[in-house]
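Read the structure below first, then the notes.
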Amino acid sequence: MFPYTAFYAYIGESMKKIQFTNLDEAMLELEKLEKATVIKTLGEWSYPQILNHLRFFIECSMKGFPESRSSFIRQSVGPNLFKNMKQIGYMPAGFRNKFLKEGDAPEDSKTELLKLRSAIDEFVNYSGKLAEHPIFGSLSVEDWHLVHSYHIANHLNFINYGKKTGLKKPAAKKSKPSGSTKKTVAKKKTPAAAKKIVKKTVKKSAKKKSAKSAAVKKTKKTSRS
């Protein structure tokens, strides 16, 4: 296995939320980003800065980079790093490079997104000689496509975006009373209904008493005769 695993552990693992294997997938995700109404970024860079950096890096792969690492890095360490990146299928978060164009202040996000998509189109249709990567060294056209795909995915993972739905929260469902609760509810009566029940009970007990006393009198009369 690749001997630089410790290096990747040191710089941090990718969030793996978004991964691309080609630039077509990246363009589709950028379309979603264009339609997003809620955009928040993580880390030190703003949304326009991220887009600016991605566009500049793609342009440099065609026109050349302002600076690169030493030839030792580009010929030995760098190619091994890229080999491991291809094996895992993404660029780990925290992979540092300082190649952000100086003096190129990012514009508004809509303009920067348009420039990025235009740069991708230009790169896809580019037929000239591609520059050396400042760390990975000399790359084939196919590998450059992978580098840009991994690079865009890596930075989009630092942008949270979506749409406001505007949906209201669903109303809380009223819980149905259980069997015991139903009985309790059924037993509860209004004051007027309670009075009627009391009157009926009193009348019934009075009738029973009168009937009992009448029976006792009748018995006494019978015994005398």
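May I ask you to verify whether Glu142 is in contact (Cβ under 8 Å) with a residue 12 or more places away in the chain and of a type in the set (D, E, K, R)?
Values: in contact (Cβ under 8 Å) with a residue 12 or more places away in the chain: no; of a type in the set (D, E, K, R): yes.
The answer is no for Glu142.
Within the stretch 68-86, does at least one residue satisfy the condition of being outside any helix (DSSP H, G or I) and in contact with an Asp or Glu (Cβ under 9 Å, 6 or more places away or on another chain)?
Scanning the stretch 68-86 turns up at least one residue that is outside any helix (DSSP H, G or I) and in contact with an Asp or Glu (Cβ under 9 Å, 6 or more places away or on another chain).
Looking only at the stretch 33-88, which residues are exposed (fewer than 15 other Cβ atoms within 10 Å of the Cβ), under 35 Å from the mean Cα position of the chain (by Cα) and basic (Lys, Arg)?
Lys35, Lys40, Lys83, Lys86
So that you can scan it fast, the table gives a plain yes or no per residue for (1) within 28 Å of Ser127 (Cα to Cα); (2) of a type in the set (D, E, K, R); (3) without any contact (Cβ under 8 Å) to a residue 60 or more places away in the chain:
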| site | (1), (2), (3) |
| --- | --- |
| Lys32 | no, yes, no |
| Lys40 | no, yes, no |
| Ser46 | no, no, no |
| Phe56 | yes, no, yes |
| Glu59 | yes, yes, no |
| Lys86 | yes, yes, no |
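The rows are residues; the columns are (1) at pLDDT below 95; (2) outside the structural domain of Val77 (by TED's automatic domain parsing); (3) more than 27 Å from the chain's Cα centre (by Cα); (4) surrounded by 12 or more Cβ atoms within 10 Å (Cβ to Cβ).
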residue	(1), (2), (3), (4)
Phe95	yes, no, no, yes
Glu102	yes, no, yes, no
Asp108	yes, no, no, no
Val124	no, no, yes, yes
Phe136	no, no, yes, yes
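Given the conditions (1) farther than 28 Å from Ser138 by Cα; (2) part of a helix (DSSP H, G or I), report the number of the one that Arg55 does not fulfil.
Looking at each condition in turn, Arg55 falls short on (1).
With the structure loaded, tell me whether Ser61 is assigned by TED's automatic domain parsing to the domain that holds His148, under 20 Å from Val141 (Cβ atoms) and assigned to a loop (DSSP other than H, G, I, E, B) or whether it fails that test.
no
Picking from Ile58, Ile39, which residue would you name as being more than 13 Å from Asn154 (Cβ to Cβ), in contact with a His (Cβ under 7 Å, 6 or more places away or on another chain) and modelled with pLDDT of 90 or more?
Ile58
Return the total of residues in the stretch 1-36 being assigned to a helix (DSSP H, G or I) and at pLDDT below 90.
Total meeting the criteria: 7.
The values are calculated or read from the model by the stated rules, or taken from the named source; none is laboratory data. What you are looking at is a predicted structure, and each value in this text was computed from that prediction instead of being measured. Ideal geometry is used to build each Cβ from the backbone, glycine not excepted, and the neighbour counts take in all protein chains shown.
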